[in-house]
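Read the figures in this text as sums done on the coordinates, not as results from a lab. Only a predicted model underlies this, so the values are computations on that prediction, with no experimental measurement involved. Don't worry about glycine lacking a Cβ; one is built from the backbone with ideal geometry, like all the others, and counts go over all protein chains shown.
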């Protein structure tokens, strides 16, 4: 097995960084190496500041369109890990990287991005670990050659300007010979932020969008919970992650943890904003000392409302004529109410605790199919089962072991 490690040696092609008025082309980085065996193992752990494309022997293997995950690099710098064994060959091999500005050098005045203290020329750090039979090879970004590439301007919000005439033909493939424009990189300032190989957003999105197989999901979810605990049971996601993380946690059995993350009174959480006196969801997840003039009633961060309706409230809408009621009886809650208006009428759910039992009431239009499915361990006291095909009505729900006594 190749040992997993990451490098903090950041390099750049030059010191200058691009602006709207002065364009500096995005750099290319290239490393050629030789393997004697046909079945070598290999791994790359890479931090690109900003966005990058990664090539191995001419094949682009970048994770997604915008890698790595966007962050304030004075706070957290994210590394991506790649298994490159499937792309290696006997003889000459080439690793190529095209490095853009990304969030590292955003130029727009929107949200004052142009004044970011970490704006600089794009830079990267990486470690390459190879096992070629009994021989192990390791190198980092300082071992690469670099030059300016065909992207003569790029920006997070303003797009990419590409001149194909400026791209060296075959530079990502074996057999290419570097000319005098290729040179060694220069050392770059290391971000002050904490290095992260895993993040809440990446893990939650991969689970939510079925990147993992059904067999892999339990371990992937265990790792997500581990990451959340590592982060102090506080959310560290941006806009994309906030739309899925609470749903993923609740869906896989950690609704209580999701609820604590939502309602915690310390920043960052929705409970923090309530303690601050907010009655609507603000545009920005910022503490008091960093608040700016921005919308104080914004939809970006409001998906948490859907989470409350779907999990504590239990209302899952499948279509305009079909709903599934699947409430999560979160231990920290003594009651919950939710409603959803369909074209056929209103669906409403209400439950409350009374000692060791739950009293549940479900209202639903007659023309809408409405099933109820309880969590493992709970069942309807009279019916002595956890599923009802026609669910409108009032029910007493108990823990199975309690009802058996």
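Cα centroid distance between the range 269-337 and the range 44-118, in Å?
33 Å
Determine, at each q value in 0.10, 0.13 (inverse angstroms), the log₁₀ of I(q)/I(0) that the Debye formula gives when each Cα of the chain is one equal point scatterer.
Taking Cα atoms of the chain as identical point scatterers yields -0.81, -1.10.
Taking the chain as a Gaussian network, Cα atoms linked when under 10 Å apart, which of 284, 296, 200 shows the biggest mean-square fluctuation?
Most flexible of the set in this elastic network: 296.
Between residue 229 and residue 265, what is the FRET efficiency for a Förster distance of 25 Å, r being their Cβ-Cβ separation, to the nearest 0.05?
Numbers: r = 19 Å, r/R0 = 0.75.
Rounded to the nearest 0.05, the efficiency is 0.85.
How far is helix 217-230 tilted off the main Cα axis of the chain, in degrees rounded to 10, range 0 to 90?
Between helix and principal axis, roughly 80 degrees.
Per the helix-only calculation at 222 nm, which mean residue ellipticity applies to the chain, given -39500 (n - 2.57) for every DSSP H run of n ≥ 4 and division by its residues, nearest 500 deg cm²/dmol?
Details: 8 runs with 61 residues, N = 405.
Roughly -4000 deg cm²/dmol at 222 nm, from the helical runs in the chain.
Between Rg and the Kirkwood Rh of the range 108-195, both from Cα atoms, what is the Rg to Rh ratio?
Working: Rg = 17.2 Å, Rh = 16.6 Å.
The Rg/Rh ratio comes out at 1.03.
Just want the ordering: 308, 79, from fewest to most Cβ atoms lying within 10 Å of their own Cβ.
Values: 308 16, 79 21.
So the residues, fewest neighbours to most, are 308, 79.
How far is it, in nm, from the label point at residue 92 to the one at residue 341 when both lie 7 Å from their Cα along the line to the Cβ?
Taking the simple label geometry, residue 92 and residue 341 are separated by 6.9 nm.
Roughly how many nanometres apart are two label points built 7 Å out from the Cα toward the Cβ at residue 306 and residue 83?
Distance between the two pseudo-spin positions: 3.2 nm.
Note down, for the range 131-243, the three equivalent ellipsoid semi-axes (square root of 5 times each alpha carbon gyration tensor eigenvalue), biggest first, whole angstrom. Intermediate values should be presented prior to the final figure.
Details: eigenvalues 262, 95, 60 Å².
Square roots of five times the eigenvalues give 36, 22, 17 Å.
Working out 0.36 nm times the residue gap between residue 138 and residue 320, then minus their Cα-Cα distance, what length gain in nm do you get to one decimal?
Working: separation 182, 0.36 × 182 = 65.52 nm, distance 5.78 nm.
Working it through step by step, the gained length comes to 59.7 nm.
Which whole-number value in Å³ per residue fits the convex hull of the alpha carbons of the range 50-109? Please list the in-between numbers first.
On the way: hull volume 5.5 nm³, N = 60.
Once divided by residue count, the hull of the range 50-109 is 92 Å³.
With each label point set 7 Å from Cα along the Cα-Cβ vector, what nm distance links residue 161 and residue 400?
Between residue 161 and residue 400, the label points sit 6.6 nm apart.
If you take every DSSP beta bridge fully contained in the chain, what fraction is antiparallel? Give it as a percent rounded to 5.
Values: 76 of 83 bridges.
Within the chain, antiparallel bridges account for around 90 percent of the total.
Assuming 0.36 nm per residue, please report the length gained on full extension of the stretch residue 183 to residue 352 beyond their Cα-Cα distance. Show your work: numbers first, answer last.
Working: separation 169, 0.36 × 169 = 60.84 nm, distance 6.93 nm.
Between residue 183 and residue 352, full extension yields 53.9 nm more.
Anyone know which of 180, 100, 314 comes out most mobile in the 10 Å Cα GNM of the chain?
180
Distance from a point 7 Å along Cα→Cβ of residue 382 to each backbone N in the range 347-362: keep the residues under 14 Å and list them by number.
Inside the label zone: 359-362.
How many percent of the alpha carbon pairs in the range 11-196 exceed a separation of 25 Å?
On the way: 5605 of 17205 pairs.
Looking at the range 11-196, the distances longer than 25 Å represent 33 percent of pairs.
Quick one: 237, 14, fewest Cβ neighbours within 10 Å first, how do they rank? Kindly include the intermediate steps, with their values, before the conclusion.
Values: 237 22, 14 17.
Going from sparsest to densest Cβ surroundings: 14, 237.
Sorted from largest to smallest, which semi-axis lengths in Å does the alpha carbon gyration tensor of the range 233-296 give for its equivalent ellipsoid, taking the root of 5 times each eigenvalue? Before the final figure, lay out the partial values.
On the way: eigenvalues 101, 32, 17 Å².
Semi-axes from the Cα gyration tensor: 22, 13, 9 Å.
For the range 153-205 and the range 376-397, what is the centre-to-centre distance using only Cα atoms, to the nearest Å?
Rounded to whole Å, the Cα centres lie 57 Å apart.
Return 307, 399 ranked ascending by Cβ neighbour count within 10 Å, so the fewest neighbours appear first.
Working: 307 22, 399 14.
Least crowded to most crowded, the residues run 399, 307.
With no solvent and one point on each alpha carbon, what is the Debye value of log10 I(q)/I(0) for the range 319-405 at q = 0.11, 0.16, 0.18, 0.21 Å⁻¹?
Evaluating at q = 0.11, 0.16, 0.18, 0.21 Å⁻¹ gives log10 I(q)/I(0) of -0.29, -0.60, -0.75, -0.98.
Could you work out the relative contact order of the chain, using alpha carbon pairs under 8 angstrom and six or more residues apart, expressed as a whole percent? Walk me through the numbers before you get to the answer.
Values: 827 pairs, mean separation 51.0, N = 405.
Reported relative contact order: 13 percent.
For the range 114-195, what does the relative contact order come out to in percent, with C-alpha contacts under 8 Å and a separation of six or more? Could you put the intermediate results ahead of the total?
Numbers: 62 pairs, mean separation 20.3, N = 82.
Value for the range 114-195: 25 percent.
Given N residues in the range 194-316, what is its alpha carbon radius of gyration divided by 2.2 N^0.38 Å?
Numbers: Rg = 14.7 Å, N = 123, 2.2 N^0.38 = 13.7 Å.
Here the answer is 1.07, to two decimals.
Suppose the chain between residue 190 and residue 297 were pulled fully straight at 0.36 nm per residue; how much longer would it get relative to their current alpha carbon spacing?
Working: separation 107, 0.36 × 107 = 38.52 nm, distance 3.74 nm.
Roughly 34.8 nm would be gained on extension.
So what are the range 3-98's ellipsoid semi-axes, whole angstrom, largest first, if each one is the square root of 5 times an eigenvalue of the alpha-carbon gyration tensor? Can you show the working numbers first?
Values: eigenvalues 145, 53, 28 Å².
That gives 27, 16, 12 Å for the three semi-axes.
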